[in-house]
1. At 1.4 Å probe size, with the rest of the protein present, what percent of the exposed accessible area of the chain is carbon and sulfur atoms?
2. For the chain, which chymotrypsin sites (Phe, Trp or Tyr not before Pro) are both in a DSSP coil and crowded by at most 14 other Cβ atoms within 10 Å?
3. Could you please put T1, T8 in sequence from largest to smallest accessible area, using a 1.4 Å probe?
4. How far apart, in nm, are the 7 Å Cα→Cβ label points at M25 and L3?
5. Just to be sure I understand: if I project the alpha-carbon convex hull of the chain onto a plane and average over all orientations, what area do I get in nm²?
Amino acid sequence: TGLEQAITDAAHNRPVLYGMGCVLMALFTGWGASIIFRKD
């Protein structure tokens, strides 16, 4: 219930927005990790 239910509802009711949100989250996570683990 709560957040899990909201995510499930979004995935079932608005799959395009859910997919775009997942892609954006993955891009920002990868970008943030590249900054954190940068070897200078």
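The values are calculated or read from the model by the stated rules, or taken from the named source; none is laboratory data. Here the structure is a predicted model, which means the values were calculated and not measured. Cβ atoms come from the backbone with ideal geometry, glycine included; neighbour counts cover every protein chain shown. Accessible surface areas use protein heavy atoms only, side chains included; no ligands, DNA or RNA. Shrake-Rupley method; radii C 1.70, N 1.55, O 1.52, S 1.80 Å.
1. 69
2. Within the chain, the qualifying chymotrypsin sites (Phe, Trp or Tyr not before Pro) (loop, at most 14 other Cβ atoms within 10 Å) are F37.
3. Of T1, T8, the descending order of accessible area is T1, T8.
4. Computed distance between label sites M25 and L3 equals 0.9 nm.
5. 3.3
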